[in-house]
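Below is one structure, written out as structure tokens; comments come after it.
The values are calculated or read from the model by the stated rules, or taken from the named source; none is laboratory data. Fair warning: this is a prediction, and the values are worked out from it, not measured in the lab. We place every Cβ from the backbone using ideal geometry, glycine too, and count neighbours over all the protein chains shown. Calculation scope for accessible area: heavy atoms of the full protein, side chains included, ligands and nucleic acids excluded. Shrake-Rupley method; radii C 1.70, N 1.55, O 1.52, S 1.80 Å.
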Amino acid sequence: MPQPSDRLKKDFSRHFKERVIEAILFLAAFLSVFTTTAIVYILVKESWIFFQHVPLTDFLFDTQWTPLFDDAHYGIMVLLSGTITSSMVALLVAIPLGTIIAIYLSEFAPFSIREIAKPFLELLGGIPTIIYGYFALLFVTPLLQKVFPELPGFNLLSAGMVMGVMIIPYVASLSEDAMRAVPMALREGSYATGATRLQTALRVVVPAATSGIAAAYILGISRAVGETMILAVAAGMQPNLTFNPAEPGATITSFIVQVALGDLPHGSIGYQTIFAAGLTLMLLTLVFNLIGFYMRKKYREVY
Amino acid sequence: MIEINMQETQLPLKAEARNLSFFYGSFQALKNVNMPIYEKRVTSLIGPSGCGKSTYLRCFNRMHDLYPGNRYEGAIDFHPDHTDLLSPKVDPIEVRMRISMVFQKPNPFPKSIYENVAYGLRVRGESARSVIDDKVEAALRSAALWGEVKDRLNEQGANLSGGQQQRLCIARALATDPELMLFDEPTSALDPIATASIEELITELKEKVTILIVTHNMQQAARISDYTAYMYIGEMVEFGETDQVFIKPNKKETEDYITGRFG
């Protein structure tokens, strides 16, 4: 029988074990923070070198992107226009469809259909994006060309549409989770006033799930902006300052692929451009994440 | 069988349950319930947890239709048009347009105070601002909330205190001029002061509307209701005028429950 005085002493072996576990957990957490910091550090450092050769105003306002030519121009707008155009097309597909699917699965589908449909939907998100890329190039583009015969073989439209299909599962699945988290009491309150299912879904459940749905959209946007393979394969990798989806174009990501695959010598300005492009991409997604964070805070519902 | 003893048998009926049985899948939660609901009176349902009072209440607005595997038997005859509320031919949405409900836990929608009250009107397709303004004000006045919220109708309903939220839910249920209001333990999540205000409100509301209330609190049933039904394991054990049920119950089981020997 241990006396109280014994128990008040420090148990050294337990204390030691706790410290070891704490250290391991800290290291795991530290590693991810360190990696992020290191990536940002390298991007900024390499971009710094780039910006010593190219003025920031040229980078932001030049309307040509020709880093590999003798007469080099470094206007990021050209790549940004490709990223924005393809992302807009993707979001025009993914946000309406994803939201409708989420409303159906959460509010209308019987249990049995939901149990089958949701895993299939999530499977759609597991398809490697290179397959989507070939699908866009070899199936969707020829199909679109039947309707618009003058559409070039490489274009932002079909890449964007297929990218939208790729993003649907993220938008739908996260939005559905947000809607399902709305308490049944709110739905019952709505039904009890004589509302139909559609009215309940659109007027009570969706507004109550706004923060989660907004987060789903933001994630969709981040994926669209960061998507690489589909655009590299189907959109043509030709830098082109355009907001017309029927034209070929290069995005920030597909340019990075192009340069990383090419035989550019280390330390050349051409090589350095990919860091500047990468930094732009990161700032862009950071902005969206901040918007997402703000939306979640603003629309967070207390049930 | 239940015995119905009444002095005022001439009162008009608002609804009448006839041989009402209810099943959650294969589990029978209500067994052959027969009970009258008198117009513009407060009828309370008492009984221990799990006795089927809430299940019974939720038959009236067909709330059980929202979940699969539920089944009704028997009928609820709704006056004056003698609609059988439980008939498969009757649209539950039509039923809920005439019978509104207030829940145990206040459940304001994530909308402004104004829009919470206007909700029922909007889902009925009302869009005239002046009509909605008038009805919202009238409902908030009837729910004794107007004075507290008239200057902040655009604030979120969730910002109100618990008792105010429940009165907001009552206003929401009143705004559509229901014929019958169902209250499912409306004060069990509230403090005694908020409870007293809701009880007072219910007593005032019966001038305009018939009320059926489930309560865990026997004193509450005694204070606010004209008729009381005691239920036990899915059966209606006794129904009668509240004074008679509490002072001189006909059944031994009712007496045991009321005097606290059981439950």
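Any idea which of A:117, A:181 is within 14 Å of another protein chain (Cβ to nearest Cβ), without any contact (Cβ under 8 Å) to a residue 60 or more places away in the chain and not hydroxyl-bearing (Ser, Thr, Tyr)? Lay out the reasoning, then the answer.
Numbers: A:117 fails: within 14 Å of another protein chain (Cβ to nearest Cβ).
Going through A:117, A:181 in turn, just one is within 14 Å of another protein chain (Cβ to nearest Cβ), without any contact (Cβ under 8 Å) to a residue 60 or more places away in the chain and not hydroxyl-bearing (Ser, Thr, Tyr): A:181.
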So in segment B:77-108, with the set limited to residues that are surrounded by fewer than 23 Cβ atoms within 10 Å (Cβ to Cβ) and more than 30 Å from residue B:11 (Cβ to Cβ), which one is nearest to the other protein chains (Cβ to nearest Cβ)? B:105
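Listed residues A:157, A:124; which is free of Cβ contacts under 8 Å to residues at least 60 places away in the same chain and surrounded by 12 or more Cβ atoms within 10 Å (Cβ to Cβ)?
Working: A:157 fails: free of Cβ contacts under 8 Å to residues at least 60 places away in the same chain.
On inspection, the qualifying residue turns out to be A:124.
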Quick check: is even one residue across segment B:155-165 open to solvent by 40 Å² or more (accessible area, probe 1.4 Å), of a type outside the set (D, E, K, R) and in contact with a Ser or Thr (Cβ under 8 Å, 6 or more places away or on another chain)? yes
Over segment A:187-242, the set of residues of a type in the set (Gly, Ala, Ser), in contact with a strand residue (DSSP E or B) (Cβ under 7 Å, 6 or more places away or on another chain) and within 12 Å of another protein chain (Cβ to nearest Cβ) is A:192
Pairs where the first residue, in segment B:62-84, is more than 15 Å from residue B:95 (Cα to Cα) and the second is of a type in the set (Lys, Arg) and crowded, with 17+ Cβ neighbours inside 10 Å, C-beta under 6 Å, 6+ apart: none
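Quick one: which helices (runs of 4 or more DSSP H) sit completely within segment A:189-303 and have at least 3 residues that are assigned by TED's automatic domain parsing to the domain that holds residue A:81 and under 22 Å from residue A:135 (Cα atoms)? Can you show your working first?
On the way: elements: A:210-226, A:229-234, A:252-261, A:269-299.
Result: A:210-226, A:229-234, A:252-261.
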Near pairs, Cβ below 9 angstrom, 6+ apart or cross-chain, from segment A:40-57 (open to solvent by 40 Å² or more (accessible area, probe 1.4 Å)) to any residue that is assigned to a loop (DSSP other than H, G, I, E, B): A:49/A:267
Spot the failing condition for residue A:256; the list is (1) free of Cβ contacts under 8 Å to residues at least 60 places away in the same chain; (2) open to solvent by 60 Å² or more (accessible area, probe 1.4 Å), and only one is missed. (2)
Per the filter on segment B:135-145, residues in a helix (DSSP H, G or I) and either touching a residue at least 40 places away in the same chain (Cβ under 8 Å) or crowded, with 17+ Cβ neighbours inside 10 Å (or both) are B:135, B:136, B:137, B:139, B:140, B:142
Checking residue A:27 against (1) open to solvent by 80 Å² or more (accessible area, probe 1.4 Å); (2) under 19 Å from residue A:254 (Cβ atoms); (3) in a helix (DSSP H, G or I), which single condition isn't satisfied? (2)
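Condition check: hydroxyl-bearing (Ser, Thr, Tyr), open to solvent by 40 Å² or more (accessible area, probe 1.4 Å), over 30 Å from residue A:107 (Cβ atoms) and away from every other protein chain (no Cβ under 14 Å). Does residue B:26 satisfy that? Spell out the reasoning first.
On the way: hydroxyl-bearing (Ser, Thr, Tyr): yes; open to solvent by 40 Å² or more (accessible area, probe 1.4 Å): yes; over 30 Å from residue A:107 (Cβ atoms): no; away from every other protein chain (no Cβ under 14 Å): yes.
Judged against the criteria, residue B:26 is not a match.
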Subset of segment A:129-152 [part of a loop (DSSP other than H, G, I, E, B) and either charged (D, E, K, R) or without any contact (Cβ under 8 Å) to a residue 40 or more places away in the chain (or both)]: A:149, A:150
Could we say that residue A:210 is of a type in the set (S, T, N, Q) and either closer than 30 Å to residue B:101 by Cα or surrounded by 24 or more Cβ atoms within 10 Å (Cβ to Cβ) (or both) here? yes
Scanning segment B:87-134 for residues that are more than 19 Å from the chain's Cα centre (by Cα), within 15 Å of residue B:167 (Cα to Cα) and outside any helix (DSSP H, G or I) gives B:109, B:112
